[in-house]
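As structure tokens, the structure follows; a few thoughts come after it.
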Amino acid sequence: QVQLVESGGGLVQAGGSLRLSCAASGSTFRMRTMGWYRQVPGKQRELVATISNGGITNYADSVKGRFTISRDAAKNTVHLQMNSLKPEDTAVYYCNLQKFGNTDYWGQGTQVTVSS
């Protein structure tokens, strides 16, 4: 089993910054990617950013140039630096770890609220 513990959500004004962190523990072998997804009520969960075991990053178009994902491999931790936040970034952000074979693990979610 894999456990993902998120931290760093909160309330921020538009234009501000937040940094999310996610620490993975347990059976993290055969990890393919770690990353962040977000969800607002009534909508599907959507990809925000992922980083592969080899360090390749992938971003949603809506966050490119504003968000940066990074990984501390030694600590099995992934960070999401979010700058120039917009009200439309408001959502519950979920940490994700995907293994080879497409098995997904999810964190409990952390609320990010951006006020206008």
### Task
Starting from the Cα of Phe100, step 7 Å along the direction of its Cβ; do the same at Arg32; then give the gap between the two resulting points in nm.
1.1
#### Entry: Carbon and sulfur %, accessible surface of the chain computed with the full protein complex present, 1.4 Å
48
### Query
How much solvent-accessible surface does Tyr94 expose, in Å² to the nearest 10, with a 1.4 Å probe and all protein chains in place?
40
### Query
In the chain, what % of DSSP beta bridges are antiparallel (nearest 5)?
90
### Query
Which sequence of Val5, Val114 reflects their accessible areas, 1.4 Å probe, from the largest down?
Val5, Val114
### Task
Give me the net charge of Thr28's neighbourhood, meaning all other residues with Cβ under 14 Å from the Cβ of Thr28; Lys, Arg count +1, Asp, Glu -1.
+3
### Task
Would you work out which of Val12, Ser84, Trp36 lies farthest towards the positive end of the dipole of the chain? Charges go on Cβ: Lys and Arg +1, Asp and Glu -1.
Trp36
### Task
Among Phe67, Val114, Gln1, flag the residue with its Cα farthest along the positive direction of the charge dipole of the chain, charges on Cβ as +1 for Lys/Arg and -1 for Asp/Glu.
Gln1
### Query
When you take every Cα atom in region 7-116, what is the radius of gyration, and what is Dmax, the widest Cα pair distance, in Å?
13.4, 42
### Query
To the nearest 10 Å², what's Cys95's accessible area with a 1.4 Å probe?
0
### Task
Would you please give the FRET efficiency between Val5 and Thr113, computed as 1/(1 + (r/R0)^6) with r the Cβ-Cβ distance and R0 = 22 Å, to the nearest 0.05?
0.60
### Task
State, as an integer percentage, the relative contact order of the chain based on alpha-carbon contacts under 8 Å between residues 6 or more apart.
36
## Note on the structure
If every Lys and Arg gets +1 and every Asp and Glu gets -1 at its Cβ, then about the Cα centre the chain yields a dipole, in debye to the nearest 20, of 180
### Summary
Computed over the chain, protein heavy atoms only, probe 1.4 angstrom, the accessible area per residue in square angstrom equals 52
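The values are calculated or read from the model by the stated rules, or taken from the named source; none is laboratory data. What you see is a predicted model; the values in this text were computed from it and never measured. Cβ coordinates were reconstructed from backbone atoms using ideal geometry, including for glycine residues, and neighbour counts include every protein chain displayed. Side chains are part of the model used for accessible areas, which takes the heavy atoms of the whole protein and leaves out ligands, DNA and RNA. Shrake-Rupley method; radii C 1.70, N 1.55, O 1.52, S 1.80 Å.
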